[in-house]
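Following: one structure in structure tokens, then a few remarks.
Values quoted throughout were computed directly from the atomic coordinates according to the rules given, and no laboratory measurement underlies them. As the structure is a computational prediction, the values presented were derived from the model and not from experiment. Here Cβ is always computed from backbone atoms with ideal geometry, including for glycine, and neighbour counts include all displayed protein chains.
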Amino acid sequence: MLQYIFRRLMIMIPTLVVTTIVIFGIVQLTPGDPVDRFESPENPLTAEERARIYARYGLDQPLHVQYFRWVSLLFQGDLGTSFNWNAPVFDLVSNRIPKTVELAGLSLILSLLIAIPIGTFSALKQYSFWDNTVTFFSFVGVALPNFWFALLMVALFSVTLGWLPTSLYSTTGIAYAGNEWNWWVDHLKHLIMPLLVLTTAQVAAFSRYMRSQVLEVLRDDYVNTARAKGLKEGHVINKHVLKNALLPVVTLLGLSLPFLLSGALITEQVFAWPGLGRFFWEASGARDYPVVMGLLFMISVVTLFGNFFADLAYAILDPRIKYD
Amino acid sequence: MAQQVSGKINVVEKSGLQNRTYIKLFWSQLNKSPLAMGSLFVLILFGAMAVFSGQITEQIAYDPLKVFVGDRNEQPSPTHWFGTDHLGRDLFSRIIWGSQISLTIGILVALFSVIIGALLGAISGFFGGWIDTLIMRFTDVWLNFPGIFFLIAIVTVLEPSFWNLIWAIGILSWPGICRIVRANILSLKEREYILASRSIGAGGFRIILRHLMPNTMAPVIVNATLTVAGAILAEAGLSYLGLGVQPPTPTWGNILFEGKPYLITGNFWYTFFPGLFIFVTVLCINFLGDGLRDALDPKVSSGK
């Protein structure tokens, strides 16, 4: 097992290297001089100032030197300094991470809680009316563009009915000193719609996956054996079928991280949720390259480790799989 | 004697066995799924709408860029079926024209990713060894990228334009096809007919193109169909973020983007209709893809 972990970690090194090269390469494709951003028609930069900014960001060095400098800083935990905010990228990001984790994490838990029973039931009653309905709606859920769905919800719940706020993390400009409860109620109202939007697509995808897993396990011989020796159907399903069908879901969790973050980006954008995705979008719009590069790297690393832990969990949970 | 032979042929024809070519088998299989057939019909309709947008808008609607000065933010009505936008342009005409760009992007992205994915997958699976390791590692790296983040980075760096969108979305969509082709070729290349063509001296690329690729077409077609849907969604998502094809050229995504601020004032149709077209297209493509998967799989058709 240790050997497997070690080998799996070793494989991640070339992947990380290529990832950094791609990220660095994308930013190098930018037409124009990155220093132009410090210039305005009223204040053109003198050649001296230009050279000073170049030196400050290390832009006067050849490309490979710039690359190695960036990578070595990355591995020291330094994501760079934002052009726009003139602050370390890490500090800027750190108070936005919890907000994305809150939204994406809650959505993940909620969608699993909903999708696992739905998918299982659907598989047990294959081709029934219930199953067909679930299948149809999971197609709808997958095809539903999340930004459009979000806008429709805003039109209904905020504009027409006036029940929920259109956007933001909580209502600004209200002091809740000594009355935390009201703040939480307010925050919850802001959370409902983004959470629902993000969860819908996940439920659709997960329940289909769960359905196919259960169907596959149901065909296995040991399920027949369990039934043959007279176990009650509920026992067969709970102890034999579900346990094995849930194993691959662990892998799915790791693999769904990039989708979750991508979905969160658009949802955050629609609802002005002050998370990572929205920050990333603002930074790319402002051509704040250190933030863009730092965040791309961070998200790639998170995804990579997500997959790693998913594989690891799978290896631990499923004794049938031999790793050597 | 001659009569006897022709008699035999007649028997075969009557039994219908001779007529069951692969295409016909596939078609009859697809025919069994009303959802897939219905979706195919809707998609053909949308395709025709895109091809003939000029004629359609000329006959029954307006120029997509024409401004009706007095009719800003009009509700849907017999004159303006889907209402008008904030500049007084007819939304129905804009959506018809928008289908052109949205559908073209979807199809070109799928083509792009099939070409790259199939080529790399075939080389990887056929030659094996270090080439395989190298390509598969590379594919893993791409699969690992959280799509929309990289799309945003690429598109903001390169300026959003039609062709930049196509290759940016395409370059993120090929790994799935690459893996499928590789897995298929790995098992196909051990078959006798490949050994036979090797023994008569066929070269690697000839075997790949003439013998292996045609046999992996079924899963590639299914995957390409789904890629079209993914690309349409990606284009619309980027447009929604203001990073799609730039106005005034209409696409479904950027009409929705322009309509966003007017949602609060109650003009819900401005965002509703373009989104509906995206949704229905993607839904139909997914249904069709699902139907194709069943129809193209010989295991399913021979089993029934």
Footprinting exposure proxy for A:GLU180, A:GLU49 (fewest neighbouring C-beta atoms within 10 Å first): A:GLU180, A:GLU49
For segment A:217-324, state which trypsin sites (Lys or Arg not before Pro) are in a DSSP loop and have at most 13 other beta carbons lying within 10 Å of their beta carbon. A:ARG219, A:LYS229, A:LYS232, A:ARG320, A:LYS322
Between A:ASN238 and A:PHE309, the FRET efficiency computed from the C-beta separation at R0 = 30 Å comes out, to the nearest 0.05, as 0.70
Built amide H within the under 5 Å cut-off of A:THR81, gap 5+: A:VAL89
In deg cm²/dmol and to the nearest 500, what is the mean residue ellipticity at 222 nm of chain B if only DSSP H runs of at least 4 residues count, each as -39500 (n - 2.57), divided by the residue total? -24500 deg cm²/dmol
Environment charge at B:PHE273 (Cβ cut-off 11 Å; Lys +1, Arg +1, Asp -1, Glu -1): 0
Entries in A:LYS229/B:LYS189; A:LYS99/A:LYS239; A:LYS99/A:LYS125; B:LYS66/B:LYS260; A:LYS99/B:LYS66; B:LYS24/B:LYS189 that, when Cα-Cα distance is taken, lie over 32 Å: A:LYS229/B:LYS189; A:LYS99/A:LYS239; A:LYS99/A:LYS125; A:LYS99/B:LYS66
Got a sec? Charge dipole of the protein assembly as shown, +1 on Cβ for Lys and Arg, -1 for Asp and Glu; which of A:LEU152, A:ALA272, B:MET213 is way out at the positive end? B:MET213
Per 5 Å bin, what percent of the C-alpha pairs of segment A:244-294 does each bin hold, from zero upward? 5, 19, 19, 19, 14, 9, 7, 5, 2, 1
Any idea what the relative contact order of chain A is, in percent, if you count C-alpha pairs under 8 Å spaced at least 6 apart? 26 percent
Using unit Cβ charges (K, R positive; D, E negative) and no other charged atoms, how large, in debye to the nearest 20, is the dipole of chain A about its Cα centre? 1320 debye
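Rounded to two decimal places and with Rh computed the Kirkwood way over Cα pairs, what is Rg over Rh for segment A:2-74?
1.20
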Just check chain A against the gyration tensor rule for me: Cα atoms, a ≥ b ≥ c as the square roots of the eigenvalues, rounded for a/c under 1.5, and otherwise prolate or oblate depending on whether a/b exceeds b/c. oblate
For B:TYR62, other-chain or 5+-apart residues with amide H closer than 5 Å (H placed, Pro excluded) are B:SER93
For the protein assembly as shown, with only Lys/Arg (+1) and Asp/Glu (-1) charged at the beta-carbon, what is the dipole magnitude about the Cα centre, in debye rounded to 20? 2540 debye
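Calculate the tail of P(r) for segment B:101-304: the fraction of all Cα-Cα distances greater than 23 Å, expressed in %.
53 percent
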Given R₀ = 45 Å, what would the calculated FRET efficiency be for A:GLU48 paired with A:SER212, taking r from the Cβ atoms and rounding to 0.05? 0.10
Using a Gaussian network model on chain B with a 10 Å cutoff between Cα atoms, which of B:LEU45, B:LEU292, B:LEU108 fluctuates the most? B:LEU45
Name the most mobile residue of B:ILE116, B:ILE131, B:ILE107, meaning the one with the largest mean-square fluctuation, in a Gaussian network model of chain B with Cα contacts below 10 Å. B:ILE131
Rounded, prolate or oblate, given the Cα gyration tensor of the protein assembly as shown, with a/c below 1.5 counting as rounded? rounded
If one takes the longest principal axis of the Cα atoms in chain A, at what angle in degrees, from 0 to 90 and to the nearest 10, does the Cα axis of helix A:276-285 lie? 40 degrees
A:GLN3 label point, 7 Å along Cα→Cβ, cut-off 16 Å on backbone N: hits in segment A:280-324? A:321-324
Report, to the nearest 10°, how far helix A:129-143 tilts away from the longest principal axis of the Cα atoms in chain A, using its own Cα long axis and a range of 0 to 90°. 10 degrees
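When only DSSP loop residues count, what chymotrypsin sites (Phe, Trp or Tyr not before Pro) in segment A:157-239 have their Cβ near at most 15 other Cβ atoms within 10 Å?
Those satisfying the criteria are A:TRP163, A:TYR176.
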Taking loop as defined by DSSP and a crowding limit of 11 other beta carbons within 10 Å, which trypsin sites (Lys or Arg not before Pro) in segment A:14-96 fit? none
Of A:LEU188, A:VAL217, A:TYR289, which is farthest on the positive side of the dipole of segment A:95-317, counting Cα position, with +1 on Lys and Arg Cβ, -1 on Asp and Glu Cβ, and the Cα centre as origin? A:VAL217
For the residue pair B:LYS24 and A:THR133, what label-to-label distance in nm results when each label sits 7 Å from Cα along the Cα-to-beta-carbon direction? 4.2 nm
When A:ILE266, B:ILE171 are arranged by how many other beta-carbons sit within 10 Å of their Cβ, fewest first, they go B:ILE171, A:ILE266
Using +1 on the beta carbon of Lys and Arg, -1 on that of Asp and Glu, and nothing else charged, what's the dipole of segment B:101-304 about the Cα centre, debye to 20? 580 debye
C-alpha long axis of helix B:22-31 to longest principal axis of chain B, angle in °: 50 degrees
